[in-house]
Amino acid sequence: MDISIIEASEEVYAERESFADDERQQIEINLLLEGIYQMYGYDFRGYVRSSLRRRILNRMKAERLPTITALLEKVLHEEGVLERLLNDLSIRMTEMFRDPSFFAAFRKQVVPLLRGLPEIRIWHAGCATGEEVYSMAILMHEEGIGEKTRIYGTDMNEKAIAAAKKGAFALKQMQQYTKNYLEAGGSKAFSEYYTTDHEYAYFHPDLSENMMFAQHNLVTDGSFNEFHVILCRNVLIYFDQELQQHVHRLMHNSLSDGGFLGLGSKESILFAPDRVYYEDFIPQAKVYRKQAVQK
């Protein structure tokens, strides 16, 4: 037989095997996510699969398991495995004054419209370990309205919330955070806001007096207050379109008329069910303003 025919046949066979492996892996991932939801109530079924797959495979390798199905078995039957997997699946990429241009625009264009309110309620949804919550507290303090501002930071990850409550961040990050702070319009020496030891920067307790951190799952939990500002930045990019719509409904129902919604640089309200009720307030910063619904 012609060697070229043999090689072509082998390539086709390899492609079929690769496709079968991918399909099998997708089935295993679906079963794992369904098992986690049915057993523990954590719902990752609407998350974008590419990011989830990478994190699940990393946990599978860390546990020295041959298959995702074996990981599911350990999640269901072995204490501690679920917690380790949840830490992998929770998105915790954040920093203080992340995307400084957003905070600069917020300071210049949103804050003046908040000043007249007797109380300001801000919700940071998916706040991870709280860096952006402390950033907003500093900004509102500098604008002279920190005392009447209540900032709610929520995340589905219990460990992340516990870390946020401490207000202690790695000292090695302070150089970058200082740069972000200045680019965001900060006017003081950033070091005035924290004390240090050899490892951590501890932000002053005064900043956290009006902060409330709590565990909240955007996928399964409902609205818990009405807010003048909701920030859900760089969270929706990990959700599929259906789940994004669900979260958009939750945020729209939680936002007061005339309130502001801030999203991440790669996010928008394009697929939001209530997008017609938003004004593109600061398009370049992805800040939208909710319009009053005509009765």
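The values are calculated or read from the model by the stated rules, or taken from the named source; none is laboratory data. Fair warning: this is a prediction, and the values are worked out from it, not measured in the lab. Ideal geometry is used to build each Cβ from the backbone, glycine not excepted, and the neighbour counts take in all protein chains shown. Heads up: the accessible areas ignore ligands, DNA and RNA and are worked out on the full protein's heavy atoms, side chains in. Shrake-Rupley method; radii C 1.70, N 1.55, O 1.52, S 1.80 Å.
Hey, rough spin-label estimate for V48 and D197, points 7 angstrom out along Cα→Cβ, what's it come to in nanometres?
Going from the V48 label point to the D197 one covers 3.8 nm.
Add +1 for every Lys or Arg and -1 for every Asp or Glu among the other residues with Cβ under 15 Å from the Cβ of L85, and state the total.
Working: positive: R45, R53, R54, R55, R59, K61, R64, K74, R84, R92, K159; negative: E28, E34, D43, E63, E73, E78, E79, E83, D88, E158.
Net of charged neighbours comes to +1.
Carbon-plus-sulfur fraction of the accessible area of the chain, 1.4 Å probe, in percent? Please list the in-between numbers first.
Values: 7530 of 15390 Å².
Ligands and nucleic acids excluded, carbon and sulfur reach 49 percent.
If you average 1/r over every pair of different alpha-carbon atoms in the stretch 60-123 and take one over that average, what Kirkwood value in Å do you get?
Details: mean 1/r = 0.0627 Å⁻¹.
Mean inverse Cα-Cα distance, inverted, gives 16.0 Å.
Suppose only helical runs count, i.e. DSSP H with n ≥ 4. What mean residue ellipticity at 222 nm does that imply for the chain under -39500 (n - 2.57) per run, divided by all residues and rounded to the nearest 500 deg cm²/dmol?
Details: 10 runs with 126 residues, N = 295.
After summing the helix terms and dividing by residue count, I get -13500 deg cm²/dmol.
What percentages make up the Cα-Cα pair-distance distribution of the stretch 130-196 when the bins are 5 Å wide from 0?
The calculated distribution, bin by bin, is 4, 14, 26, 24, 20, 10, 2.
Straight-line reach only, C-alpha to C-alpha below 17 angstrom: list the lysines that K179 could link to, leaving out same-chain residues fewer than 8 apart.
Output for K179: K188.
Could you give me the radius of gyration and the Dmax of the stretch 236-289, taking only the C-alpha atoms into account and expressing both in angstrom?
10.3, 28
D for the stretch 101-260, whole µm²/s, Stokes-Einstein with Kirkwood Rh over alpha-carbon pairs at 37 °C and 0.692 mPa s: what number? If you can, show how the numbers build up before the last one.
On the way: Rh = 16.4 Å.
Roughly 201 µm²/s, to the nearest whole number.
Could you tell me the ratio Rg/Rh of the stretch 20-77? Both radii from Cα atoms, Rh via Kirkwood.
Answer for the stretch 20-77: 0.93.
Which value does Rg/Rh take for the stretch 193-243 over its C-alpha atoms, Rh per Kirkwood? Spell out each step's value before the answer.
Numbers: Rg = 16.2 Å, Rh = 14.7 Å.
With Rh from the inverse mean 1/r over Cα pairs, Rg/Rh is 1.10.
Tell me the per residue accessible area of the chain using a 1.4 Å probe; a whole number in Å² is fine.
Heavy-atom SASA per residue in the chain reads 52 Å².
Among 217-224, 54-61, what's the highest-first ranking by average C-beta atoms within 10 angstrom per residue? Write out the running numbers ahead of the final one.
Numbers: 217-224: 14.2, 54-61: 16.2.
Descending packing order for the listed peptides: 54-61, 217-224.
Using 1/(1 + (r/R0)^6) with R0 = 41 angstrom and r between the beta carbons of Q291 and R64, what's the FRET efficiency to the nearest 0.05?
Working: r = 54 Å, r/R0 = 1.33.
So the FRET efficiency works out to roughly 0.15.
Percent of Cα-Cα pairs per 5 Å bin, from 0 to the last occupied bin, for the stretch 78-188, please list those.
2, 11, 20, 21, 19, 13, 7, 4, 2, 1, 0
Taking the alpha-carbon distance from K61 and a cut-off under 17 Å, which lysines remain once sequence neighbours fewer than 8 residues away in the same chain are dropped?
Correct list for K61: K74.
In 10 Å bins starting at 0, how do the alpha-carbon pair distances of the stretch 199-283 split up by percent?
Going out from 0 Å in 10 Å bins, the stretch 199-283 shows 15, 45, 27, 12, 1 percent.
Would you mind estimating how fast the stretch 162-216 diffuses translationally, via Stokes-Einstein at 25 °C and 0.890 mPa s with the Kirkwood radius over Cα pairs, in µm²/s? Intermediate values should be presented prior to the final figure.
Details: Rh = 12.3 Å.
Once the numbers are plugged in, D ends up at 200 µm²/s.
Output the DSSP H helices from the chain with an along-axis C-alpha extent of no less than 15 Å and a mean Kyte-Doolittle hydropathy no less than -1.0. Don't skip to the answer; put the middle values down first.
Numbers: long enough: 3-40 (55 Å, -0.32); 49-62 (19 Å, -1.12); 131-142 (17 Å, 0.19); 241-254 (20 Å, -1.34).
In the chain, the long hydrophobic H runs are 3-40, 131-142.
Convex hull over the alpha-carbon atoms of the chain: what's its volume per residue in Å³?
Numbers: hull volume 56.2 nm³, N = 295.
Convex hull of Cα atoms, per residue: 191 Å³.
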